[in-house]
Amino acid sequence: MHMPRMIVAAWLVAYWVVMMTRNLAIAPTVSHALVVGTLLALQIVVVVVAAGAARGGWWYVAAQTALTYGPPAFLSGMWHVGSGFIVATLLLAVHHWIRWPLSIVAGVVAAAVHTSWWPAHTVGDLAWPFVAALNAGLACFILVHMARLTGRLHATRDELSRETLAQERLRAAVRLRGALGDHLSAITAALERARDHDREAAHEIRRAAGLARATLGKVREVAVGHRDTSVPTREPPRPLLMYGALVVTLTMHVWQTQANIGLQRLGYLPLVLAVAFLQVGVVVWPRHVRWLLPLQAALSLVPMSFLGWEWGAIAGFVAVSFLLKVRPPWSFLLAGLVMTVIGTMRIPAEAAAGYDAVVVRIYWVAGNLAMIINLYGAAKLADLAADLHESRERLVRMTVLTERLRLSRDVHDLMGFGLSAIALRCDVLLRTGHTRADLDGLVELSRRVRDESYAVARSSGDLSFPEELEAARAVLEAAGIEVDIQVSGHPPAALAPVLRESVTNLLRHSVAMHVTITCTPSRLTVVNDGVRPAADSGGLGLANLRERVTSAGGRLATELAGGRFTISAELA
């Protein structure tokens with residue numbers, strides 16, 4: 001994020017050169033140069049400090065006013081004061097609507113001070129210091145403000161991602177409660193009645209088994225629903241400040257160009273306005289830049305052949321368009337050529353008003369360069385803000401979709417296992433009879449499944465492999481399935497959801513009598529001998545397993561051979 005600061009720094013340096021050359025033109029001495037250069041540097045320091053200050057704005061305005069008008073009041077000679085810095089400080093440091101009318105007042109004061117030294121002979125002479133002060137202040141304010149905006153957008157990306165994640169989890173919790181909460185509560189209530197009322201136990205157990213199987217279907221619907229990829233987007237910020245910079249700078253340079261040509265020669269005004277309009281078009285309508293840019297280049301550069309320096313104040317606009325719309329290095333080459341033409345054009349002696357030719361030339365080039373940096377910086381920072389907004393939107397979308405995928409997997413895997421276990425144990429109790437301890441265990445299991453449905457929307461649902469292994473053994477043995485478990489080392493938690501979903505699929509889709517579970521620190525294999533013909537057809541369960549294993553850097557393999565179905569997950 002160094003580009004915004006570099007643009008602001010480049011404009012401040014260019015403006016410093018402009019003000020230095022204006023003062024050296026009237027008093028070309030070393031002592032005057034040192035004093036003016038130091039004062040202008042101090043003014044820049046005040047602007048920079050004020051831009052980053054959260055309070056004390058009026059003190060910065062007072063300091064800037066003292067630096068601007070204090071030296072001319074106590075030192076002899078005439079000065080070109082940096083009144084634009086007062087406007088910039090007002091706009092950056094004073095966080096109140098009063099800063100806008102006060103900026104107008106600062107411009108009026110600048111015009112009054114200027115005309116007290118250099119009497120105005122025309123309306124243009126009177127208006128110029130006012131317009132120049134406002135233009136410089138607004139340019140500085142807009143560039144710094146846009147730099148702040150891009151910095152905030154960049155700094156708040158992670159914060160926005162966390163906020164989006166919290167909102168998505170809240171919405172998921174509400175959806176889960178609405179879709180599954182009543183079903184899970186009904187299962188728990190049925191099992192509690194079976195435990196507390198022995199006469200109704202068989203009926204309530206059968207009812208709980210039916211509800212568990214119905215809720216399993218609902219779980220699948222909810223899991224699929226969480227894979228919705230539609231994510232609402234926010235409108236990008238409108239670059240109003242960039243448009244403001246464009247309008248203010250164009251207005252100033254249209255005025256300057258027409259004043260150079262002569263207010264009595266208004267026949268050139270339509271051409272001047274056309275160039276300004278094309279500059280707006282190049283920035284605002286990028287789709288039409290293929291024909292707007294050549295037309296702007298022609299209207300900007302051709303009149304220089306017969307108007308000379310009088311046209312130079314507006315010819316630099318095309319350099320801005322080259323920098324914005326042409327790819328490097330051609331953009332820099334074309335902009336450099338334009339600046340070379342502007343910088344080397346002949347300035348008549350009457351236009352220089354008797355000032356040193358070198359100083360006038362530097363002032364001329366620096367002024368055009370400041371204008372180019374101003375327009376380029378505002379437009380570029382607006383583009384950067386739009387790019388950052390788009391980046392934030394992509395981050396939000398990725399966060400939402402990743403969280404929905406996690407919820408989809410966890411809802412299917414975590415709750416599917418618990419509900420399958422409830423249904424299976426209910427069937428076993430209906431066949432073999434039940435004790436109060438059996439029903440206490442079922443009630444506890446149903447409550448745990450219900451709690452998991454609430455917790456799944458709040459966390460990533462990390463599982464403990466040893467606990468899952470014991471739960472798998474208990475559920476399979478309760479179903480009358482012979483279990484052979486072989487464990488070596490310490491299998492990681494990443495294999496726990498693979499084990500859970502493998503057992504859930506086995507209970508729902510097979511008629512197995514024997515299951516072999518083999519675990520190592522990097523591999524899990526589950527083999528059952530009761531697979532149905534459609535068991536390896538895929539589905540959400542196996543899709544979830546593949547996603548989990550792949551995201552952990554491993555791979556999942558399935559095999560159907562000789563009536564045995566094998567799921568094998570291997571981590572890297």
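Tabulated values for the structure
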item	result
Residue count, region 523-542 (criterion: modelled with pLDDT of 75 or more and in contact with a helix residue (DSSP H, G or I) (Cβ under 9 Å, 6 or more places away or on another chain))	5
Residues satisfying the stated conditions in region 284-305, i.e. open to solvent by less than 50 Å² (accessible area, probe 1.4 Å), under 18 Å from Leu369 (Cα atoms) and either under 36 Å from the mean Cα position of the chain (by Cα) or not polar (S, T, N, Q) (or both)	Ala297, Met304
Any helices (runs of 4 or more DSSP H) falling wholly within region 346-441 and containing at least 1 residues that are touching a residue at least 60 places away in the same chain (Cβ under 8 Å) and within 30 Å of Leu149 (Cα to Cα)	357-410
Residue match in region 88-100 (condition: at pLDDT 90 or above, open to solvent by less than 50 Å² (accessible area, probe 1.4 Å) and not hydrophobic (A, V, I, L, M, F, W, C))	yes
Flag for Ile485 being open to solvent by 30 Å² or more (accessible area, probe 1.4 Å), at pLDDT 90 or above, on the phi < 0 side of the Ramachandran plot and not in a loop (DSSP other than H, G, I, E, B)	yes
From the options Gly281, Gly308, Gly336, residue that is at positive phi, assigned to a helix (DSSP H, G or I) and surrounded by fewer than 20 Cβ atoms within 10 Å (Cβ to Cβ)	Gly308
Given (1) surrounded by 21 or more Cβ atoms within 10 Å (Cβ to Cβ); (2) in contact with a Lys or Arg (Cβ under 9 Å, 6 or more places away or on another chain); (3) closer than 25 Å to Ala133 by Cβ, number of the condition Leu388 does not satisfy	(3)
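The values are calculated or read from the model by the stated rules, or taken from the named source; none is laboratory data. The structure presented is a predicted model; accordingly, all values stated were derived computationally and were not measured. In this analysis, Cβ positions are derived from the backbone assuming ideal geometry, glycine residues included, and neighbour counts consider all displayed protein chains. The accessibility values were calculated without ligands, DNA or RNA, using every heavy atom of the protein model including side chains. Shrake-Rupley method; radii C 1.70, N 1.55, O 1.52, S 1.80 Å.
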